[in-house]
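K.L.:
Provided herewith is a single structure, encoded as structure tokens, for subsequent inquiry.
The values are calculated or read from the model by the stated rules, or taken from the named source; none is laboratory data. For clarity, every value in this text was computed on a predicted model and none was experimentally measured. Cβ atoms come from the backbone with ideal geometry, glycine included; neighbour counts cover every protein chain shown. Note: areas computed on protein heavy atoms with side chains; ligands, DNA, RNA excluded. Shrake-Rupley method; radii C 1.70, N 1.55, O 1.52, S 1.80 Å.
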Amino acid sequence: MLPTIVYETLAADDDLQDLGVTEDRIFERQSLDERPYDDGYTVVINWQESTMYSQTYSNLARAPRVMTLWVHTPKDKTRDYRTIDQILNRIDILLLGIEQRTGTDGMRVTCIAKQGRSGNLIDDGWKTITRNATYGVLYDESAA
């Protein structure tokens, strides 16, 4: 998971751990084929595209990368989204605080911005309730 400061920050947070999100419950989307747990909360991070706007920003050689972060919990255990919202609220605080910080991989997050949140969703494949938050993340690979 690059940059690693995202994972490292979430995995080390005591408040997230109190909400049931421990380091073994945070995954990169591409590492999962099925729901990893039958109870509790799981955070899934999906790194997506980085769109260059060459006409508008012709002097920039990079653009923020889209990161979507999902929080899942089995729908046969609960249909209450309040804890999911608490987890997402805590993650917002943590992620917005990592600007200009470098992880163990040597990559520095230079900018991170909230872009939005989904409504209350049901994932029929994983049989979970879920919500997601989307961020724009600019990080410096050359710092590594």
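K.L.:
State the volume of the convex hull built on the alpha-carbon positions of region 82-125, expressed per residue in Å³ and rounded to an integer. Present the calculation step by step, with values, prior to reporting the outcome.
P.N.:
On the way: hull volume 5.2 nm³, N = 44.
It is 119 Å³ per residue.
K.L.:
Could you sort Lys75, Lys127 by their accessible area in this structure, using a 1.4 Å probe and putting the largest first? Working shown, then result.
P.N.:
Details: Lys75 55, Lys127 115 Å².
Correct descending sequence by accessible area is Lys127, Lys75.
K.L.:
Also, quick follow-up: Enter the accessible area per residue of the chain (Å², integer; probe 1.4 Å; all protein chains in place). Each step should come with its number before you reach the end.
P.N.:
Numbers: 7810 Å² over 144 residues.
Using a 1.4 Å probe on heavy atoms only, each residue of the chain averages 54 Å².
K.L.:
At a 1.4 Å probe radius, carbon and sulfur cover how many percent of the accessible area of the chain? Before the final figure, lay out the partial values.
P.N.:
Values: 3530 of 7810 Å².
Whole-percent figure for carbon plus sulfur exposure: 45.
K.L.:
What dipole magnitude, in Debye to the nearest 20, does the chain give about its Cα centre under +1 on Lys/Arg Cβ and -1 on Asp/Glu Cβ? Before the final figure, lay out the partial values.
P.N.:
Details: 16 positive and 23 negative charges, 111 e Å.
So the dipole magnitude of the chain works out to roughly 540 debye.
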